[in-house]
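The values are calculated or read from the model by the stated rules, or taken from the named source; none is laboratory data. Quick caveat: nothing in here was measured; it's all calculated off a predicted structure. Note that we place each Cβ from the backbone using ideal geometry, even for glycine, and neighbour counts take in every protein chain shown. Just so you know, the surface numbers come from the protein's heavy atoms only, side chains and all, with ligands and any DNA or RNA stripped out. Shrake-Rupley method; radii C 1.70, N 1.55, O 1.52, S 1.80 Å.
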Amino acid sequence: MIRTRFTEMFGVDHPIVQGGMMWVGRAELVAATANSGALGFLTGLTQPTPEDLVKEIARTRDLTDKPFGVNLTILPSITPPPYAEYRQAIIESGIKIVETAGSNPIDHLPHFKDAGVKVIHKCTAVRHAVKAERLGVDAVSIDGFECAGHPGEDDIPGLILIPAATQQLTIPVIASGGIADSRGLVAALALGADGVNMGTRFMCTVESPVAQSVKEQIVANTERDTKLIFRTLHNTARVAANAISAEVVDIEARGDAQFSDIQHLVAGARGRKVFEDGDLDAGIWSAGQSQGLINDIPTVADMIDRMVSEAEHLITSRLSGFVTAVSAA
Ligand SMILES: Cc1cc2nc3c(=O)[nH]c(=O)nc-3n(C[C@H](O)[C@H](O)[C@H](O)COP(=O)(O)O)c2cc1C
């Protein structure tokens, strides 16, 4: 067992988190994660309405009696979803752990705190993590430049970002982005983190609800097979390399692209089609550089057991073997 401030605070066996993932963070994956002793998050906005989220929480509870949480991704939008209603659904369902992401959680935090909900805020910059700590979140996840989804605009990889964060924060820090196995877990702990958050690795498991062809493509892909889109809009997203993400990058490279020029390519409904129908070029889909470390499609339990047991071996055998006593002169 690897115990950290994170495992103590959230009452889980392993310092491993399955982060919120649009269209992926559903009951089966979250329950499998919880039953394996790690912390899984349902993705709130994957459910079309707050009422559907209440049902998905109940469905997850039918599959596990272990702790799990809900991700609330707060993105700036012209037509925002009813965030306050999703928040209320989370609180009224008795959920005690929430992952916020996307922007400052200030509007939601007092409500969660009043309801006794622990909040992990996921961000991509040390300054945002420091601000979140000041606002009163219980822990932060920090996504390095390697990550799937939104890595921010600073382009700082985890090897710098995580220790830069842990040296400024007192609350537990969860390292995220580019982690897919025991080596990433041990490295994150060495960098001062209290746990790791993974997306792409969890997406490529038996219980992940995406099409088999997507999982097989992740296994086939290398660390080079991602594209950064929305760079020119200052809303960067790391997605899998495919015909559509290549087209978006080409349009953005012209230098004068507006969102309206790429909107038809990046529509959420098209990305959902990739996951549901397995048509890999139907739209854009998030995946990180950690694809280069993913070589199989295990069950969540096998993946987590392997990660933890190999990490224990790395710490107690390989790393400790490097330390030699200075011989007496
Ligand atoms: C398919 C997919 C969808 C994602 N959707 C969300 C989301 O809706 N909200 C969020 O906070 N993070 C989202 N993420 C980011 C993950 O929670 C996690 O921070 C990220 O994947 C970590 O990087 P990794 O993929 O290298 O492990 C998504 C990631 C993937 C792979």
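Numerical summary
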| item | result |
| --- | --- |
| Whole-number percent relative contact order across the range 212-277, with pairs defined as alpha carbons under 8 Å at least 6 apart | 25 percent |
| Computed helical MRE - 222 nm, the chain, DSSP H runs ≥ 4 contributing -39500 (n - 2.57), nearest 500 | -11000 deg cm²/dmol |
| Carbon + sulfur, % of accessible area of the chain - ligands and nucleic acids excluded, 1.4 Å | 54 percent |
| Isotropically averaged projected area of the range 1-117, using the convex hull of Cα atoms (one quarter of hull area), nm² | 7.0 nm² |
| Cα principal axis extents for the chain, largest first, Å | 73, 44, 37 |
| Ordering of 257-268, 22-33, 298-309 by burial proxy (mean other Cβ atoms within 10 Å per residue, highest first) | 22-33, 298-309, 257-268 |
| Per residue value of the accessible surface for the range 212-277 (all protein chains in place, 1.4 Å probe), Å² | 53 Å² |
| Listed pairs K66/K96; K55/K215; K55/K96 exceeding 23 Å between Cα atoms | K55/K215 |
